[in-house]
Amino acid sequence: MLLLCLLLPLQLKAQQNAVIKGKITDNKRNEIAGAHIQIEPISLFTISDTNGNYSIKVPSNSTFTLKISHISYQNSEVNFQLQPGEIKLFNPILMVKQEQLREVTVDSKKAITDKNISISTKQLEQLPVTGNGAVEQIIKTLPGVSSNNELSSQYSVRGGNFDENLVYINEVEIYRPNLVRSGQQEGLSVINPDLVSSIQFSSGGYDAKYGDKLSSVLDVKYKTPNKFEASAEASLLGSSFHFANSSKNNKLTYLAGIRYKTNAYLLNSLDTKGEYKPNYTDVQAMVNYRFSSSFSMHLWGSLSRNNYNFKPETRNTSFGTISEALQLKIYFDGKEKDKYETNIQALTLKFHPNSKSLYRVIASRYETTEKETFDIMGQYYLSDLFVSQGGSSSESLENLGVGTFIDHARNKLSKKVSTIDIKGDHKKNNLFIQWGIGGKHEEVDDQINEWQYQDSAGYSIPVSDSEVSLAYTKNAINKISSNHITSFAQGTYVFQNNKGEFQITGGLRYHFWDYNTKSFCSPRASVNYIPNWEKKVKFRFATGYYQQTPSYREMLTNNGQISTNVNLQKSIHYVLGQEYYFKAWNRPFKFSSELYYKDLKSLTPYDIENVRIRYYGDKKSKGYATGLDVRINGEFVPGTESWASLSIMKTEEDIIGDELGYLPRPTDERVNFSMFFQDYLPNNPSYKMHLSLFYGGKLPVWTPKKGKNGESFRMPNYRRIDLGFSKILLDENTKYKTGLLKYFKSMWISLEVFNVLDINNTISYLWINDVSGNQYAIPNYLTSRKINLKLTAKF
């Protein structure tokens with residue numbers, strides 16, 4: 001917050017501008033609210049209020065274009081040149097737009113969508129991204145969301161883990177990988193930011209129309225293009241290309257995108273040196289066909305191939321304090337070869353019998369094959385540097401431990417999920433009704449063969465006469481086939497009185513799982529209240545019962561076997577929030593806050609190592625999560641949206657039968673702060689800056705083997721700043737495009753600086769024993785400072 005306060009005066013320093021204002025009406029003198037007013041070429045914008053009035057600061061002593069647009073009226077453009085300090089009164093009259101509608105869609109934005117956080121897709125284009133998805137990078141800056149790993153697209157929400165988040169693309173549920181252990185193995189996110197048209201996110205208390213997960217929902221929609229568009233991008237981390245178009249009669253529309261990424265450049269900054277050969281490829285396509293004004297078909301397909309090949313050579317990690325400065329050196333033999341392949345196909349049929357009803361049939365198929373193969377031997381030397389006594393970081397004065405470990409794995413998992421859903425939306429006056437019924441079939445075939453051998457100072461862990469005793473071993477063949485039947489119904493009623501506007505939503509969700517032959521119902525409700533105050537304020541209360549059927553990984557015990565007592569996780573959400581809309585420096589801002597309490601009735605305990613979750617499938621617990629999320633967003637710099645988020649949270653659980661009472665959960669991050677900030681040069685807006693700042697609190701860690709019965713401590717805070725600078729080389733206003741440049745709509749070049757402060761952030765620990773049996777936690781650090789160059793073009 002101090003950094004934010006220091007930056008604002010510099011970014012908001014006033015320059016002498018002119019002002020243009022007035023009232024927008026139609027040819028019948030009706031006031032037009034919600035008209036979009038934009039100033040080109042510097043991309044300043046505002047909207048008209050409920051009375052049609054508007055006011056906007058504009059540059060002086062230069063010619064600019066004022067563009068006015070509205071969904072129901074024809075666009076208007078007028079050129080102006082004003083003197084410094086001049087106030088120009090301009091009252092435009094817009095003509096009603098008359099055109100044939102391509103398709104009638106029941107839209108519930110006013111009553112429903114406002115409950116979630118909406119993210120503009122404009123923020124995705126020039127965002128510095130080190131991980132695997134620009135959408136997830138934006139989500140990580142929202143209140144209640146935390147992620148201490150820039151290499152991963154995974155995130156936790158309000159004390160939950162990665163498996164508790166729902167993700168939808170065009171109403172098709174997306175699943176996270178199963179065998180991935182670390183962020184560098186994860187590959188590309190399924191969401192292709194080039195194809196995205198809208199992003200909605202809820203961190204709790206969401207509606208019954210969404211599925212059965214404990215924490216959050218991310219709802220992504222892909223574009224339906226009405227004209228040709230294309231883009232290409234190339235950088236040191238990979239490349240991407242996408243295109244979209246429609247037929248002359250707009251009945252057929254299509255879009256496709258291909259992405260290639262290799263993060264070897266980033267991984268070379270890790271402590272473990274070696275031969276990194278990761279490569280990730282993703283191809284997606286979507287075809288829409290409108291048979292008539294009431295019937296349409298939408299086909300979406302996705303194919304991804306993620307390969308991670310790694311041959312480690314050496315590792316040199318320094319850690320500890322000045323009084324106890326330690327160093328670990330490891331010499332490796334062997335290699336790792338992982339392969340993850342995912343295919344998704346989805347078909348959606350939409351039927352609009354009239355303007356107030358919409359029916360959808362959604363059929364999808366998800367298939368993944370994951371292979372994990374490695375044989376790695378490491379010979380390590382743990383040394384005390386005696387820095388406090390004159391030693392240096394390049395010399396070892398005493399060896400505390402010398403040993404060898406061998407890691408072996410031959411794991412293969414295949415998973416198939418087939419779903420079909422029928423959904424309906426209906427609007428009658430002020431009542432909006434949604435319902436759905438669906439079925440899902442899952443098949444999992446998992447072969448686990450994994451072990452580790454440890455030898456410290458020449459003496460291996462005790463052995464018998466017949467066989468070697470291993471530090472741990474997992475060997476299992478698991479097969480599961482199960483079916484789910486789900487349904488939901490919810491209604492939203494909107495009404496107004498002298499107190500203000502009310503939006504009341506109530507819904508019920510039903511789920512049956514034949515694996516344990518149990519069914520459950522989940523009621524959910526929310527109330528939005530917008531009082532008739534001079535200040536625009538909205539209050540919200542939401543509550544609901546959220547019950548999560550266990551995924552395959554949640555059913556496993558520590559030895560890799562399927563638990564005989566599968567646990568259904570349950571949580572009750574209580575959310576109380578407010579949104580306050582105001583103007584500062586004559587620009588729009590919004591301050592929002594949410595106070596929440598999650599009563600975690602039934603949980604499956606787990607540990608987190610990097611991005612891998614190890615569940616205790618044979619144990620149960622209960623707990624809670626409570627906290628406060630605040631966010632302020634708006635135009636700190638004219639024409640660009642920025643925001644800052646602060647979250648304070650506490651979550652604990654009590655494992656039944658361990659007699660240890662309440663313990664912090666692995667995601668108990670007490671404080672989390674993030675900021676996304678944009679700026680440009682006032683006299684040359686083609687030069688832009690994007691900053692992402694993250695601060696995460698200390699996460700708890702337990703010593704291995706003993707689980708929650710062992711000692712615990714907290715890893716260091718997560719601190720990171722990513723900075724991006726971009727220069728627009730050409731855009732629609734560029735004159736004299738010649739040669740190949742005339743085919744480009746816009747082009748810009750970006751310089752990205754990752755981890756500007758070069759901080760060693762810890763993601764997990766490697767545990768080493770010395771000759772006396774003492775255990776040392778060797779930190780596994782994330783990436784250091786790196787620079788990336790990126791060129792982006794739109795056609």
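Observations
- Condition met for Val96 (of a type in the set (Val, Ile, Thr), at pLDDT 85 or above and touching a Phe, Trp or Tyr at 6+ places or on another chain (Cβ under 9 Å)): no
- Among the criteria (1) buried (at least 17 other Cβ atoms within 10 Å of the Cβ); (2) over 29 Å from Thr342 (Cβ atoms), the one Tyr276 does not fulfil is (2).
- Entirely in the stretch 596-656, the strands (runs of 3 or more DSSP E) that have 2 or more residues that are in contact with a helix residue (DSSP H, G or I) (Cβ under 7 Å, 6 or more places away or on another chain) and assigned by TED's automatic domain parsing to the domain that holds Leu151: 612-615, 621-637, 640-655
- Taking the stretch 463-484 as the range and being hydroxyl-bearing (Ser, Thr, Tyr) and modelled with pLDDT under 90 as the test, the residues that pass are Ser464, Ser466, Ser469, Tyr472, Thr473.
- In the stretch 546-569 there is no residue that is in a strand (DSSP E or B), small (Gly, Ala, Ser) and closer than 19 Å to Asn165 by Cβ.
- For beta carbons closer than 6 Å, sequence separation of 6+ or different chains, a first residue in the stretch 422-444 that is in the same structural domain as Arg553 (by TED's automatic domain parsing) and closer than 17 Å to Ala208 by Cα and a second that is among the hydrophobic types (A, V, I, L, M, F, W, C) and outside any strand (DSSP E or B), the qualifying pairs are Asp425/Val106; Phe432/Ala111.
- Picking from residues in the stretch 744-795 that are part of a loop (DSSP other than H, G, I, E, B) and of a type in the set (Ser, Thr, Tyr), the one that is surrounded by the most Cβ atoms within 10 Å (Cβ to Cβ) is Thr783.
- One residue alone among Phe332, Phe310 is modelled with pLDDT under 95, surrounded by 20 or more Cβ atoms within 10 Å (Cβ to Cβ) and in the same structural domain as Tyr381 (by TED's automatic domain parsing), and that residue is Phe310.
- Selected residue (criterion: farthest from the chain's Cα centre (by Cα)) from residues of the stretch 772-795 that are under 16 Å from Tyr381 (Cα atoms) and not polar (S, T, N, Q): Gly773
- Considering residues of the stretch 573-631 that are touching a strand residue (DSSP E or B) at 6+ places or on another chain (Cβ under 7 Å) and of a type in the set (Asp, Glu) only, the residue nearest to Thr651 (Cα to Cα): Asp599
- Checking each residue in the stretch 143-190 for being of a type in the set (Gly, Ala, Ser) and either surrounded by fewer than 22 Cβ atoms within 10 Å (Cβ to Cβ) or part of a loop (DSSP other than H, G, I, E, B) (or both) picks out Gly144, Ser147, Ser152, Ser153, Gly159, Gly160, Ser182, Gly187, Ser189.
- Look at (1) among the charged types (D, E, K, R); (2) at pLDDT 95 or above; (3) not in a strand (DSSP E or B) and you find that Glu367 fails only one, number (3).
- Residue under evaluation Thr651, criteria (1) farther than 20 Å from Thr557 by Cβ; (2) polar (S, T, N, Q); (3) touching a Lys or Arg at 6+ places or on another chain (Cβ under 6 Å); (4) without any contact (Cβ under 8 Å) to a residue 40 or more places away in the chain, criterion not met: (4)
- Answer residue from the stretch 483-511, given it is assigned to a strand (DSSP E or B) and over 29 Å from the mean Cα position of the chain (by Cα) and is nearest to His441 (Cα to Cα) among those: Tyr493
- Selection status of Lys227, within 19 Å of the chain's Cα centre (by Cα) and not hydrophobic (A, V, I, L, M, F, W, C): no
The values are calculated or read from the model by the stated rules, or taken from the named source; none is laboratory data. Being a predicted model, the structure only gives us computed values, none of them experimental. Here the Cβ is made from the backbone with ideal geometry for all residues, glycine too, and neighbour counts use every protein chain on show.
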